[in-house]
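Asker: Below you will find the structure I want to go over with you.
The values are calculated or read from the model by the stated rules, or taken from the named source; none is laboratory data. All figures in this text were calculated on a predicted structure; none of them were measured in a lab. Reconstructed Cβ throughout: ideal geometry from the backbone, glycine too, with neighbour counts over all protein chains shown.
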Ligand SMILES: [Zn+2]
């Protein structure tokens, strides 16, 4: 959560998320790695749970068991997915005034690359939810 001070002077905030102006970029290779990691971790967790080793799996994988009591597997699976994606994805912001895109240079850095649309049409809602027909 934060705010973008665009070169055009507009300030975009995503404090009241989810935001239509922010998102994540994930290339094919990063997506494949993220999916593999998430699938492996969920499979390992489910196997440990079936074997009666749920608590041990959480401790071994540095999760606080008190934060994931029995019956909260959905929360853990959500967090495993977020972790796998966050590790390899880059944040992206779209200025709601001029349409410039700001892409994080690396997942672990507060460094940004700015891209200005050549169309000159301004904000196009690139990150807004797509409504399937
Ligand atoms: Zn702008």
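Asker: Given the residues 39, 12, which is the only one that is away from the ligand (no atom under 16 Å from the Cβ), surrounded by 12 or more Cβ atoms within 10 Å (Cβ to Cβ) and closer than 26 Å to residue 92 by Cβ?
Answerer: Just a single option satisfies the conditions, and that option is 39.
Asker: Now, a different point. If I filter the stretch 21-29 for residues that are more than 16 Å from the ligand (Cβ to nearest atom) and part of a helix (DSSP H, G or I), do I get at least one hit?
Answerer: Yes, the conditions are met somewhere in the stretch 21-29.
Asker: Right, next: Based on what the data block shows, is residue 108 within 20 Å of the chain's Cα centre (by Cα), away from the ligand (no atom under 16 Å from the Cβ) and either assigned by TED's automatic domain parsing to the domain that holds residue 37 or touching a residue at least 60 places away in the same chain (Cβ under 8 Å) (or both)?
Answerer: No.
Asker: Same structure again: All but one of (1) in a strand (DSSP E or B); (2) touching a helix residue (DSSP H, G or I) at 6+ places or on another chain (Cβ under 6 Å) hold for residue 12, so report the exception by its number.
Answerer: (2)
Asker: Next question, about the same structure. Does residue 52 meet the test of being more than 30 Å from residue 123 (Cα to Cα) and either assigned to a helix (DSSP H, G or I) or over 17 Å from the mean Cα position of the chain (by Cα) (or both)?
Answerer: Yes; evaluated as a whole, the condition is true for this residue.
Asker: Which one of these does residue 85 not meet: (1) in a helix (DSSP H, G or I); (2) exposed (fewer than 13 other Cβ atoms within 10 Å of the Cβ); (3) at pLDDT below 95?
Answerer: Of (1) in a helix (DSSP H, G or I); (2) exposed (fewer than 13 other Cβ atoms within 10 Å of the Cβ); (3) at pLDDT below 95, only one is false for residue 85: (2).
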